[in-house]
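Shown next, in C-alpha coordinates, is the structure this report addresses.
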Amino acid sequence: MIAADVGGTYARLGLVGVDAGGGISVLFHRRYPCAVFAGLAAILRRFREECEAAQAGPFPVACVVAIAGVLQGDQLLNSNLPWKVSLAETRREAGIAHLHLINDFEALAWALPQVPVDQLQVLGAGDGNGLRLPVVLVGPGTGLGAALVIDQGGRTGVQPSEAGHAALAANTPLELDVVRLLQARFGHVDNERVLSGPGLVNLYYALCELRGVQPRWHAPSELVDAADAGSDLLAAECTALFCRWLGSFAGDLAITFRAGSVCLAGGLSGHLDRYLRQGGFMQRFLDKGVLSDTLRDVPVYTVEHGQLGIIGAAAWHVAHHPS
(Lines give C-alpha, C1' and ligand atoms only; values in the text may rest on other atoms or scores of the structure.)
Protein backbone atom coordinates (compact mmCIF):
# COMPACT_ATOMS: atom_id res chain seq x y z
CA MET A 1 0.00 0.00 0.00
CA ILE A 2 0.92 3.68 -0.15
CA ALA A 3 1.04 5.46 3.20
CA ALA A 4 1.53 9.21 3.50
CA ASP A 5 2.02 11.78 6.23
CA VAL A 6 1.02 15.28 5.10
CA GLY A 7 1.64 18.18 7.46
CA GLY A 8 1.49 21.91 7.00
CA THR A 9 5.07 22.02 5.71
CA TYR A 10 6.08 18.63 4.28
CA ALA A 11 4.43 15.56 2.78
CA ARG A 12 6.19 12.24 3.44
CA LEU A 13 5.13 9.30 1.27
CA GLY A 14 6.15 5.67 1.46
CA LEU A 15 5.60 2.39 -0.32
CA VAL A 16 4.83 0.12 2.63
CA GLY A 17 5.03 -3.62 3.24
CA VAL A 18 3.22 -5.54 5.99
CA ASP A 19 4.49 -8.94 7.15
CA ALA A 20 2.39 -11.84 8.46
CA GLY A 21 2.82 -10.68 12.05
CA GLY A 22 1.60 -7.16 11.33
CA GLY A 23 5.09 -5.65 11.26
CA ILE A 24 5.34 -2.63 8.96
CA SER A 25 8.34 -1.66 6.86
CA VAL A 26 8.84 1.35 4.58
CA LEU A 27 10.25 0.08 1.28
CA PHE A 28 10.52 3.34 -0.71
CA HIS A 29 10.27 6.83 0.73
CA ARG A 30 10.14 10.44 -0.49
CA ARG A 31 9.56 13.86 1.12
CA TYR A 32 8.02 16.85 -0.69
CA PRO A 33 7.47 20.50 0.38
CA CYS A 34 3.70 21.04 0.29
CA ALA A 35 3.85 24.65 -0.89
CA VAL A 36 5.60 23.63 -4.14
CA PHE A 37 2.59 21.57 -5.31
CA ALA A 38 -0.88 22.61 -6.45
CA GLY A 39 -2.56 20.08 -4.20
CA LEU A 40 -2.51 16.64 -2.61
CA ALA A 41 -3.30 14.89 -5.91
CA ALA A 42 -0.23 16.47 -7.53
CA ILE A 43 1.98 15.09 -4.73
CA LEU A 44 0.50 11.61 -5.13
CA ARG A 45 1.04 11.74 -8.89
CA ARG A 46 4.67 12.80 -8.39
CA PHE A 47 5.22 9.91 -5.99
CA ARG A 48 3.73 7.49 -8.51
CA GLU A 49 6.16 8.80 -11.15
CA GLU A 50 9.14 8.35 -8.83
CA CYS A 51 8.04 4.85 -7.84
CA GLU A 52 7.80 3.88 -11.49
CA ALA A 53 11.17 5.46 -12.28
CA ALA A 54 12.75 3.53 -9.41
CA GLN A 55 11.06 0.33 -10.61
CA ALA A 56 9.56 -0.13 -7.16
CA GLY A 57 6.88 -2.48 -8.53
CA PRO A 58 3.20 -2.05 -9.43
CA PHE A 59 1.66 1.06 -7.92
CA PRO A 60 -0.75 -0.04 -5.14
CA VAL A 61 -4.49 0.57 -5.41
CA ALA A 62 -4.82 1.44 -1.69
CA CYS A 63 -3.52 4.64 -0.14
CA VAL A 64 -3.92 6.05 3.37
CA VAL A 65 -3.02 9.70 3.88
CA ALA A 66 -2.46 10.99 7.40
CA ILE A 67 -3.14 14.69 7.06
CA ALA A 68 -3.51 17.66 9.38
CA GLY A 69 -7.18 18.56 9.86
CA VAL A 70 -10.65 17.05 10.21
CA LEU A 71 -12.62 15.47 7.36
CA GLN A 72 -16.16 16.86 7.27
CA GLY A 73 -18.08 15.11 4.54
CA ASP A 74 -15.91 15.40 1.43
CA GLN A 75 -13.88 18.40 2.60
CA LEU A 76 -10.87 18.58 4.89
CA LEU A 77 -11.07 21.36 7.48
CA ASN A 78 -7.54 22.69 8.01
CA SER A 79 -5.97 26.10 8.54
CA ASN A 80 -2.31 25.10 8.02
CA LEU A 81 -2.22 23.56 4.52
CA PRO A 82 -1.44 25.70 1.45
CA TRP A 83 -4.42 24.25 -0.48
CA LYS A 84 -7.92 22.82 0.00
CA VAL A 85 -8.51 19.07 -0.05
CA SER A 86 -11.56 17.28 -1.45
CA LEU A 87 -11.50 13.50 -0.95
CA ALA A 88 -13.49 12.77 -4.14
CA GLU A 89 -11.46 15.15 -6.32
CA THR A 90 -8.17 13.81 -4.95
CA ARG A 91 -9.23 10.22 -5.68
CA ARG A 92 -10.13 11.16 -9.24
CA GLU A 93 -7.14 13.40 -10.00
CA ALA A 94 -4.60 11.03 -8.42
CA GLY A 95 -6.13 7.94 -10.02
CA ILE A 96 -6.34 6.06 -6.70
CA ALA A 97 -9.64 4.29 -6.12
CA HIS A 98 -9.12 3.29 -2.48
CA LEU A 99 -7.93 6.53 -0.90
CA HIS A 100 -8.47 7.21 2.80
CA LEU A 101 -7.77 10.38 4.79
CA ILE A 102 -7.13 10.19 8.51
CA ASN A 103 -5.94 12.80 10.98
CA ASP A 104 -2.14 13.09 11.06
CA PHE A 105 -1.91 12.81 14.81
CA GLU A 106 -4.27 9.86 14.82
CA ALA A 107 -1.70 8.18 12.56
CA LEU A 108 1.17 9.02 14.91
CA ALA A 109 -0.83 7.46 17.74
CA TRP A 110 -1.36 4.27 15.69
CA ALA A 111 2.41 4.12 15.18
CA LEU A 112 3.35 4.26 18.88
CA PRO A 113 2.82 0.51 19.58
CA GLN A 114 5.28 -0.17 16.73
CA VAL A 115 8.04 1.90 18.37
CA PRO A 116 10.51 -0.04 20.58
CA VAL A 117 10.66 1.42 24.08
CA ASP A 118 14.42 1.92 23.78
CA GLN A 119 13.77 4.43 20.97
CA LEU A 120 11.76 6.65 23.32
CA GLN A 121 13.73 9.40 25.09
CA VAL A 122 12.83 9.81 28.76
CA LEU A 123 11.75 13.31 29.81
CA GLY A 124 10.05 12.27 33.04
CA ALA A 125 10.75 8.75 34.38
CA GLY A 126 7.46 8.26 36.23
CA ASP A 127 7.32 4.89 38.02
CA GLY A 128 9.84 3.32 35.61
CA ASN A 129 7.41 0.77 34.18
CA GLY A 130 7.65 1.95 30.57
CA LEU A 131 4.93 2.88 28.09
CA ARG A 132 1.47 2.15 29.50
CA LEU A 133 -1.99 2.72 28.05
CA PRO A 134 -3.76 5.03 27.79
CA VAL A 135 -1.04 7.14 26.17
CA VAL A 136 -1.55 10.84 25.55
CA LEU A 137 0.34 11.93 22.45
CA VAL A 138 1.07 15.65 22.06
CA GLY A 139 2.86 17.30 19.17
CA PRO A 140 3.69 20.94 18.60
CA GLY A 141 4.63 21.54 14.96
CA THR A 142 3.00 23.60 12.23
CA GLY A 143 -0.12 23.13 14.38
CA LEU A 144 -0.70 21.43 17.74
CA GLY A 145 -1.72 17.79 17.50
CA ALA A 146 -3.11 15.56 20.23
CA ALA A 147 -4.44 12.00 20.32
CA LEU A 148 -5.10 9.19 22.79
CA VAL A 149 -3.94 5.57 22.43
CA ILE A 150 -6.29 3.22 24.30
CA ASP A 151 -6.85 -0.46 25.05
CA GLN A 152 -9.99 -1.81 23.40
CA GLY A 153 -10.41 -5.26 24.88
CA GLY A 154 -6.82 -6.27 24.25
CA ARG A 155 -6.55 -4.47 20.91
CA THR A 156 -4.98 -1.07 20.37
CA GLY A 157 -7.37 1.73 19.57
CA VAL A 158 -6.91 5.43 18.93
CA GLN A 159 -9.09 8.38 19.81
CA PRO A 160 -8.19 11.43 17.70
CA SER A 161 -8.52 14.88 19.22
CA GLU A 162 -8.65 18.55 18.34
CA ALA A 163 -7.37 19.68 21.73
CA GLY A 164 -5.10 22.14 19.93
CA HIS A 165 -8.18 24.24 19.17
CA ALA A 166 -9.49 24.26 22.74
CA ALA A 167 -9.01 27.52 24.66
CA LEU A 168 -5.50 28.25 25.95
CA ALA A 169 -5.28 28.28 29.76
CA ALA A 170 -3.01 30.88 31.37
CA ASN A 171 -1.51 30.04 34.77
CA THR A 172 0.74 32.99 35.66
CA PRO A 173 0.41 36.80 35.50
CA LEU A 174 2.79 36.86 32.51
CA GLU A 175 0.75 34.24 30.66
CA LEU A 176 -2.43 36.20 31.40
CA ASP A 177 -0.81 39.28 29.85
CA VAL A 178 0.16 37.25 26.77
CA VAL A 179 -3.37 35.88 26.38
CA ARG A 180 -4.81 39.39 26.72
CA LEU A 181 -2.63 40.63 23.85
CA LEU A 182 -3.40 37.60 21.67
CA GLN A 183 -7.11 37.95 22.38
CA ALA A 184 -7.05 41.53 21.14
CA ARG A 185 -5.32 40.33 17.97
CA PHE A 186 -7.13 37.06 17.23
CA GLY A 187 -10.31 36.91 19.30
CA HIS A 188 -10.49 33.26 20.34
CA VAL A 189 -7.08 32.15 21.64
CA ASP A 190 -6.69 28.40 21.27
CA ASN A 191 -3.78 26.28 22.44
CA GLU A 192 -1.97 26.24 19.11
CA ARG A 193 -1.90 30.07 19.00
CA VAL A 194 1.07 29.64 21.36
CA LEU A 195 1.95 25.94 21.47
CA SER A 196 3.06 25.44 17.85
CA GLY A 197 5.74 26.72 15.49
CA PRO A 198 3.74 29.81 14.45
CA GLY A 199 2.57 30.03 18.06
CA LEU A 200 6.16 30.34 19.28
CA VAL A 201 6.48 33.43 17.08
CA ASN A 202 3.14 34.76 18.41
CA LEU A 203 4.49 34.30 21.92
CA TYR A 204 7.72 36.10 21.05
CA TYR A 205 5.84 39.05 19.50
CA ALA A 206 3.70 39.31 22.63
CA LEU A 207 6.75 39.31 24.89
CA CYS A 208 8.36 42.00 22.71
CA GLU A 209 5.25 44.15 23.06
CA LEU A 210 5.17 43.64 26.82
CA ARG A 211 8.88 44.50 27.08
CA GLY A 212 8.62 47.46 24.70
CA VAL A 213 11.18 46.18 22.18
CA GLN A 214 11.09 45.60 18.44
CA PRO A 215 10.98 41.94 17.30
CA ARG A 216 14.22 40.73 15.75
CA TRP A 217 13.01 37.29 14.64
CA HIS A 218 10.06 36.29 12.49
CA ALA A 219 10.36 32.51 12.05
CA PRO A 220 10.50 29.72 14.66
CA SER A 221 13.88 28.49 13.38
CA GLU A 222 15.40 31.98 13.71
CA LEU A 223 14.06 32.33 17.22
CA VAL A 224 15.35 28.94 18.40
CA ASP A 225 18.75 29.54 16.75
CA ALA A 226 19.06 32.89 18.55
CA ALA A 227 18.17 31.26 21.86
CA ASP A 228 20.67 28.44 21.23
CA ALA A 229 23.43 30.93 20.39
CA GLY A 230 22.81 32.91 23.57
CA SER A 231 22.66 36.09 21.49
CA ASP A 232 19.14 37.13 22.51
CA LEU A 233 17.93 36.87 26.10
CA LEU A 234 14.32 37.50 25.09
CA ALA A 235 14.45 34.61 22.61
CA ALA A 236 15.77 32.37 25.39
CA GLU A 237 13.03 33.57 27.75
CA CYS A 238 10.45 32.88 25.05
CA THR A 239 11.57 29.28 24.43
CA ALA A 240 11.67 28.56 28.17
CA LEU A 241 8.17 30.02 28.64
CA PHE A 242 6.92 27.97 25.68
CA CYS A 243 8.18 24.75 27.28
CA ARG A 244 6.63 25.57 30.64
CA TRP A 245 3.29 26.33 29.01
CA LEU A 246 3.49 23.11 26.97
CA GLY A 247 4.12 21.19 30.19
CA SER A 248 0.98 22.64 31.70
CA PHE A 249 -1.05 21.67 28.63
CA ALA A 250 0.36 18.11 28.61
CA GLY A 251 -0.41 17.77 32.31
CA ASP A 252 -4.00 18.93 31.71
CA LEU A 253 -4.47 16.21 29.09
CA ALA A 254 -2.84 13.61 31.35
CA ILE A 255 -5.27 14.24 34.20
CA THR A 256 -8.24 14.63 31.84
CA PHE A 257 -7.71 11.13 30.44
CA ARG A 258 -5.94 9.60 33.47
CA ALA A 259 -3.05 8.77 31.17
CA GLY A 260 -0.64 5.94 31.92
CA SER A 261 2.04 7.61 29.78
CA VAL A 262 2.64 10.81 27.80
CA CYS A 263 4.63 11.12 24.56
CA LEU A 264 5.78 14.28 22.83
CA ALA A 265 6.27 14.21 19.06
CA GLY A 266 6.11 16.89 16.38
CA GLY A 267 8.95 18.79 14.74
CA LEU A 268 9.20 21.49 17.40
CA SER A 269 9.76 19.00 20.23
CA GLY A 270 13.06 17.93 18.70
CA HIS A 271 14.27 21.49 18.11
CA LEU A 272 13.44 22.45 21.71
CA ASP A 273 14.75 19.29 23.37
CA ARG A 274 17.39 21.05 25.48
CA TYR A 275 14.79 23.53 26.78
CA LEU A 276 12.29 20.76 27.53
CA ARG A 277 14.98 19.17 29.71
CA GLN A 278 15.78 22.30 31.72
CA GLY A 279 13.05 21.45 34.24
CA GLY A 280 10.29 23.94 33.49
CA PHE A 281 8.27 21.52 31.38
CA MET A 282 8.12 18.80 34.05
CA GLN A 283 7.58 21.32 36.85
CA ARG A 284 4.45 22.63 35.16
CA PHE A 285 3.38 19.14 34.05
CA LEU A 286 3.27 18.11 37.71
CA ASP A 287 1.75 21.36 39.03
CA LYS A 288 -1.85 20.12 39.27
CA GLY A 289 -2.74 20.69 42.91
CA VAL A 290 -4.15 17.63 44.68
CA LEU A 291 -3.50 15.47 41.57
CA SER A 292 0.22 16.31 41.38
CA ASP A 293 1.18 13.09 43.17
CA THR A 294 -0.71 10.94 40.66
CA LEU A 295 1.23 12.54 37.80
CA ARG A 296 4.59 11.72 39.42
CA ASP A 297 4.00 8.08 38.40
CA VAL A 298 3.30 8.97 34.74
CA PRO A 299 6.35 8.57 32.46
CA VAL A 300 6.87 11.27 29.84
CA TYR A 301 8.79 10.53 26.64
CA THR A 302 9.86 12.31 23.50
CA VAL A 303 9.82 10.40 20.22
CA GLU A 304 11.45 11.32 16.92
CA HIS A 305 8.82 11.89 14.24
CA GLY A 306 10.77 10.49 11.27
CA GLN A 307 8.58 8.01 9.40
CA LEU A 308 6.09 7.48 12.25
CA GLY A 309 3.26 9.16 10.35
CA ILE A 310 3.76 6.79 7.42
CA ILE A 311 3.96 3.75 9.69
CA GLY A 312 0.89 4.90 11.61
CA ALA A 313 -1.15 5.42 8.46
CA ALA A 314 -0.27 1.87 7.42
CA ALA A 315 -1.10 0.54 10.92
CA TRP A 316 -4.51 2.23 10.71
CA HIS A 317 -5.16 0.49 7.39
CA VAL A 318 -4.13 -2.90 8.80
CA ALA A 319 -6.46 -2.41 11.79
CA HIS A 320 -9.42 -1.32 9.67
CA HIS A 321 -8.85 -3.55 6.62
CA PRO A 322 -7.30 -6.73 8.08
CA SER A 323 -7.87 -8.78 4.92
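The values are calculated or read from the model by the stated rules, or taken from the named source; none is laboratory data. Predicted model, so just to flag it, every value in this text is computed and none were measured. Please note: Cβ atoms are built from the backbone with ideal geometry, for glycine as well, and neighbour counts cover all protein chains shown. Areas reflect the complete protein model, heavy atoms only, side chains present, ligands, DNA and RNA absent. Shrake-Rupley method; radii C 1.70, N 1.55, O 1.52, S 1.80 Å.
Scanning region 270-316 for residues that are in contact with a His (Cβ under 9 Å, 6 or more places away or on another chain) and surrounded by fewer than 24 Cβ atoms within 10 Å (Cβ to Cβ) turns up 270, 307, 316. For region 13-28, which positions are open to solvent by less than 60 Å² (accessible area, probe 1.4 Å) and on the phi < 0 side of the Ramachandran plot? Once the filter is applied, which keeps residues that are open to solvent by less than 60 Å² (accessible area, probe 1.4 Å) and on the phi < 0 side of the Ramachandran plot, region 13-28 yields 13, 14, 15, 16, 17, 23, 24, 25, 26, 28.
Per-residue answers, yes or no, for (1) farther than 20 Å from residue 142 by Cβ; (2) at pLDDT 85 or above; (3) aromatic (Phe, Trp, Tyr):
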{"position": "21", "(1), (2), (3)": "yes, no, no"}
{"position": "43", "(1), (2), (3)": "no, yes, no"}
{"position": "54", "(1), (2), (3)": "yes, yes, no"}
{"position": "57", "(1), (2), (3)": "yes, no, no"}
{"position": "75", "(1), (2), (3)": "no, yes, no"}
{"position": "80", "(1), (2), (3)": "no, no, no"}
{"position": "83", "(1), (2), (3)": "no, yes, yes"}
{"position": "97", "(1), (2), (3)": "yes, yes, no"}
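Being touching a helix residue (DSSP H, G or I) at 6+ places or on another chain (Cβ under 7 Å), surrounded by fewer than 18 Cβ atoms within 10 Å (Cβ to Cβ) and assigned to a loop (DSSP other than H, G, I, E, B), is that true of even one residue in region 60-68? Taking every residue of region 60-68 in turn, none turns out to be touching a helix residue (DSSP H, G or I) at 6+ places or on another chain (Cβ under 7 Å), surrounded by fewer than 18 Cβ atoms within 10 Å (Cβ to Cβ) and assigned to a loop (DSSP other than H, G, I, E, B). Can you confirm whether residue 112 is outside any loop (DSSP other than H, G, I, E, B), open to solvent by less than 30 Å² (accessible area, probe 1.4 Å), of a type in the set (A, V, I, L, M, F, W, C) and under 22 Å from residue 314 (Cα atoms)? So residue 112 passes the test.
Every residue, every condition in (1) of a type in the set (A, V, I, L, M, F, W, C); (2) at pLDDT 95 or above; (3) assigned to a helix (DSSP H, G or I); (4) under 22 Å from the mean Cα position of the chain (by Cα), yes or no:
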site	(1), (2), (3), (4)
205	no, yes, yes, no
208	yes, yes, yes, no
214	no, yes, no, no
226	yes, yes, yes, no
231	no, no, no, no
238	yes, yes, yes, yes
253	yes, yes, yes, yes
256	no, yes, yes, yes
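Counting only residues that are closer than 13 Å to residue 6 by Cβ and touching a residue at least 40 places away in the same chain (Cβ under 8 Å), how many does region 43-77 have? Number of matching residues: 8.
Checking each residue in region 149-188 for being open to solvent by less than 40 Å² (accessible area, probe 1.4 Å), among the aliphatic types (A, V, I, L, M) and touching a strand residue (DSSP E or B) at 6+ places or on another chain (Cβ under 7 Å) picks out 149, 158, 163, 168.
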